[in-house]
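The values are calculated or read from the model by the stated rules, or taken from the named source; none is laboratory data. For clarity, every value in this text was computed on a predicted model and none was experimentally measured. As a convention, Cβ positions derive from the backbone with ideal geometry for all residues, glycine included, and neighbour counts pool all protein chains shown.
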Amino acid sequence: MAAFIVRRLLTAIPLLLGISMVLFVLIHLPPGGPADIYAGSPTASAADLARMNENLGLNDPLPVQYVKWLRGMVTGDWGVSYKDGRPVTTAILERLPATIQLMLTSLLIAVALAIPIGVFTATRAQRGARYVVNVFTMLGISVPTFWTGLMVIMIFAGRLGWIPAGGRGRPDDLLSQLHHLIGPALVLALVSMAGFARYIHSSMVEVMQEDYVRTATAKGLARRTVVFRHAFRNASIPLITLIGLELPRLISGALVTEVVFSWPGLGRLITESILARNYPVLMGAFMLIALMTILGSLIADVGYGLVNPQIRTGERR
Amino acid sequence: MTTLQHPTSSTVADLVSLRQKPESIQAQVWRRFRRNPLALFGVTVLTLLALSALFAPWLAPYDPNAVNPYEALQPPNAAHWLGTDDLGRDVLSRLLFAGRVSLMVGLFTAFVAVIVGALLGAIAGYYGGLIDGFIARFIDLMLSLPVVPLALVFSAFVAITPLRLTLILAAVSWMGVARLVRGEFLKLRHAQFTEAARSIGAPNMRIIFVHLLPNAISPILVAATLLVAYAILIESSLSFLGFGIQPPTATWGNMLFNAQRYLRNAPWLAIFSGVVITLTVASINFVGDGLREAIDPRLKER
């Protein structure tokens with residue numbers, strides 16, 4: 001297994017290199033640049049703007065800029081934010097914990113709710129109840145995250161006043177932080193939860209038809225033992241894979257949710273940086289997201305590998 | 001074919017049906033699809049939505065962009081069924097016209113993405129070797145790119161029109177179809193009927209499009225359906241963040257972007273556009289799910 005993981009990590013290096021190249025071109029290619037923000041300003045002359053571009057190194061040919069950036073990236077120097085001159089790494093690291101916190105909490109909620117729903121509908125529920133859950137999980141997949149966010153703010157923060165409408169809470173007060181976390185985390189969890197529940201449901205239905213489940217029932221084991229010890233244990237193995245594949249969607253969902261709830265994470269950093277054409281910050285943040293995506297697919301592959309040894313030994317490609 | 005009938009007459013019916021042509025696969029799929037109430041619900045809603053978008057100019061009670069400050073932020077009433085927004089524009093009219101843009105962007109994104117994906121997947125799967133390695137790596141790379149943020153960057157840096165948005169969205173969503181078609185082609189490139197076609201001198205293009213591609217039509221159809229839903233969701237997210245199609249052209253997403261400032265005073269603004277988006281996307285997903293089950297009935301038991 002260790003060898004498999006190492007091999008997968010090694011193939012990630014050329015992939016990351018390719019991604020960085022594509023990202024760099026896509027971000028720098030569109031017309032305009034960071035100096036545009038000052039273009040209308042009366043105190044900034046055309047010469048100033050030209051000097052600004054020169055100082056930022058934006059007049060170099062794109063390949064030269066890329067090699068410079070890459071050299072920095074590898075040695076841990078991700079460049080300097082155009083906004084305040086601070087290192088990009090600092091700007092990102094300052095926002096990253098909030099995003100990670102939001103994502104992990106949502107993931108936890110999603111899994112914790114999806115398992116009972118999926119198992120219940122697969123084993124116990126009457127057709128009617130199953131139908132209702134089917135409709136609800138489908139709606140959960142279809143509803144735009146930002147809209148659920150708006151509705152939650154409107155109802156639970158506005159009308160009922162149960163949760164704050166935004167922000168992250170006082171840094172020294174854990175309770176206030178949890179209070180702020182609850183809204184965005186639930187909103188972000190909804191989509192993943194619905195997807196997980198549908199998946200667990202179908203994989204449970206499949207497993208429940210297996211011979212060994214019938215054997216377990218036949219030898220007189222309690223229903224609960226059969227469902228959880230025998231069936232669910234097998235139905236849940238691919239859950240790791242599912243979580244890995246969910247990561248990219250969770251990240252982009254988190255970005256939108258953060259904007260809705262004024263959650264001070266990567267998402268807000270990215271939207272701010274897009275508006276200001278803060279290239280180094282954008283590159284840094286996007287590379288980080290790409291890294292997390294690759295990590296997610298690694299987790300997914302490890303999940304497959306746990307179930308199917310054929311993949312581990314490299315039979316696949 | 002045979003319905004519940006008296007045993008003797010059913011055997012007669014069987015004999016009769018034996019002489020008739022066997023039921024085509026399309027008919028089977030349709031028969032199974034018809035029995036799925038959620039899928040039928042989806043088709044109905046989508047038909048209504050499509051018609052209302054098509055006939056928006058005749059259905060809309062007002063000009064969607066007509067500003068009327070004296071009637072700003074009116075709750076739903078007899079004159080404005082769904083109320084008015086901050087500029088006094090009729091919400092119902094705007095929703096109808098926004099449906100044109102949102103549905104068009106969704107449909108065309110799926111269309112372009114399917115063409116690109118099917119073409120690249122077919123080439124990769126059919127020729128294999130170096131070409132396949134190159135395309136497969138490219139698919140992997142595209143799948144690891146942060147898609148939504150990139151789409152954000154582009155729609156922020158480029159003056160966005162519905163056409164450009166469609167191309168941006170298609171550029172980041174063709175990979176699923178490509179993977180699917182590639183897999184199917186890899187499986188079939190050495191199948192007997194492929195070799196047979198090759199042996200009688202059929203050109204590659206003919207084998208790809210006439211012999212192999214039809215085998216992948218069903219999964220492509222399902223994927224395309226879900227792509228429409230995906231594109232509508234992403235479009236609305238972009239517009240909601242303020243980076244999509246710009247006002248005054250209404251889209252469901254930018255109506256929500258506008259609505260968030262009036263959550264307290266005019267909640268109907270946010271409610272209606274969100275409900276329409278959810279209803280549309282859910283209907284498409286119901287249809288996609290129904291199609292999948294109808295095409296592969298083994299899934300039905302799950």
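So B:M205 fits all but one of (1) exposed (fewer than 15 other Cβ atoms within 10 Å of the Cβ); (2) away from every other protein chain (no Cβ under 14 Å); (3) under 25 Å from the mean Cα position of the chain (by Cα); what number is the exception?
Of (1) exposed (fewer than 15 other Cβ atoms within 10 Å of the Cβ); (2) away from every other protein chain (no Cβ under 14 Å); (3) under 25 Å from the mean Cα position of the chain (by Cα), only one is false for B:M205: (3).
Output the residue which, of all residues in the range A:296-317 that are among the polar types (S, T, N, Q) and more than 27 Å from the chain's Cα centre (by Cα), is modelled with the lowest pLDDT.
Ranking the candidates gives A:T313 first.
Of all residues being within 16 Å of the chain's Cα centre (by Cα) and of a type in the set (S, T, N, Q) in the range A:231-270, which is farthest from the other protein chains (Cβ to nearest Cβ)? Just the residue, please.
A:T241
Could you name every one of the helices (runs of 4 or more DSSP H) located completely within the range A:1-92 that has at least 3 residues being surrounded by 12 or more Cβ atoms within 10 Å (Cβ to Cβ) and among the β-branched types (V, I, T)?
Where helices (runs of 4 or more DSSP H) fall fully within the range A:1-92 and carry at least 3 residues being surrounded by 12 or more Cβ atoms within 10 Å (Cβ to Cβ) and among the β-branched types (V, I, T), they are A:2-28.
B:L130 - would you say it is surrounded by fewer than 17 Cβ atoms within 10 Å (Cβ to Cβ) and part of a helix (DSSP H, G or I)?
yes
Is it fair to say A:D211 is modelled with pLDDT of 85 or more, away from chain B (no Cβ under 14 Å), farther than 23 Å from B:Y262 by Cβ and more than 20 Å from the chain's Cα centre (by Cα)? Please lay out each step first, then the result.
Details: modelled with pLDDT of 85 or more: yes; away from chain B (no Cβ under 14 Å): yes; farther than 23 Å from B:Y262 by Cβ: yes; more than 20 Å from the chain's Cα centre (by Cα): yes.
Answer is yes for this residue.
Only one of these is more than 15 Å from the chain's Cα centre (by Cα) and either at pLDDT 90 or above or at the interface with another protein chain (Cβ under 9 Å from one of its Cβ atoms) (or both): B:P297, B:P267. Name it.
None of the others qualify; the one that does is B:P267.
Can you tell me how many residues within the range B:233-252 are crowded, with 24+ Cβ neighbours inside 10 Å and more than 8 Å from every other protein chain (Cβ to nearest Cβ)?
Number satisfying all stated conditions: 8.
Being in a helix (DSSP H, G or I) and within 20 Å of B:I295 (Cβ to Cβ) narrows it down to one residue among B:I207, B:I234, B:I220; which is it?
None of the others qualify; the one that does is B:I220.
Checking the condition at the interface with chain B (Cβ under 10 Å from one of its Cβ atoms) and free of Cβ contacts under 8 Å to residues at least 24 places away in the same chain, which residue from A:R159, A:R198 passes?
The match here is A:R159.
Could you list all residues from the range A:198-252 that are touching a helix residue (DSSP H, G or I) at 6+ places or on another chain (Cβ under 6 Å) and in a loop (DSSP other than H, G, I, E, B)?
A:I237
Among the residues of the range B:146-168, write down those that are away from chain A (no Cβ under 11 Å) and among the polar types (S, T, N, Q). Give the derivation first.
Quick first cut of the range B:146-168, residues away from chain A (no Cβ under 11 Å) only: B:160-167.
Within the range B:146-168, B:T161, B:T166 meet the criteria.
Can you find a residue in the range A:191-211 that is under 18 Å from A:I153 (Cα atoms) and not basic (K, R)?
Initial filter on the range A:191-211 (under 18 Å from A:I153 (Cα atoms)): A:191.
The next check asks that each one be not basic (K, R); those that pass are A:191.
Yes; the residues of the range A:191-211 include at least one that is under 18 Å from A:I153 (Cα atoms) and not basic (K, R).
Of the residues B:A259, B:A229, only one is within 11 Å of another protein chain (Cβ to nearest Cβ), closer than 16 Å to B:D90 by Cα and either part of a helix (DSSP H, G or I) or modelled with pLDDT of 85 or more (or both); which?
B:A259
Residues being farther than 23 Å from A:L26 by Cα and modelled with pLDDT under 80: count how many of those fall in the range A:39-84.
Adding up the residues that qualify gives 10.
crowded, with 18+ Cβ neighbours inside 10 Å and either without any contact (Cβ under 8 Å) to a residue 40 or more places away in the chain or part of a helix (DSSP H, G or I) (or both): is that true of B:G106 in this structure?
Considered against the rule, which asks whether it is crowded, with 18+ Cβ neighbours inside 10 Å and either without any contact (Cβ under 8 Å) to a residue 40 or more places away in the chain or part of a helix (DSSP H, G or I) (or both), B:G106 comes out as yes.
Residue-wise test of (1) over 23 Å from A:I274 (Cβ atoms); (2) more than 29 Å from the chain's Cα centre (by Cα).
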| residue | (1), (2) |
| --- | --- |
| A:H28 | no, no |
| A:A35 | no, yes |
| A:A47 | yes, yes |
| A:E54 | yes, yes |
| A:L62 | no, yes |
| A:W69 | no, no |
| A:G72 | no, no |
| A:K83 | no, no |
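Residues B:L119, B:L59: which one is surrounded by fewer than 18 Cβ atoms within 10 Å (Cβ to Cβ) and touching a residue at least 12 places away in the same chain (Cβ under 8 Å)? Outline the logic, then answer.
On the way: B:L119 fails: touching a residue at least 12 places away in the same chain (Cβ under 8 Å).
None of the others qualify; the one that does is B:L59.
Free of Cβ contacts under 8 Å to residues at least 24 places away in the same chain, surrounded by 15 or more Cβ atoms within 10 Å (Cβ to Cβ) and within 19 Å of A:T121 (Cβ to Cβ): does that describe A:V226?
The answer is yes for A:V226.
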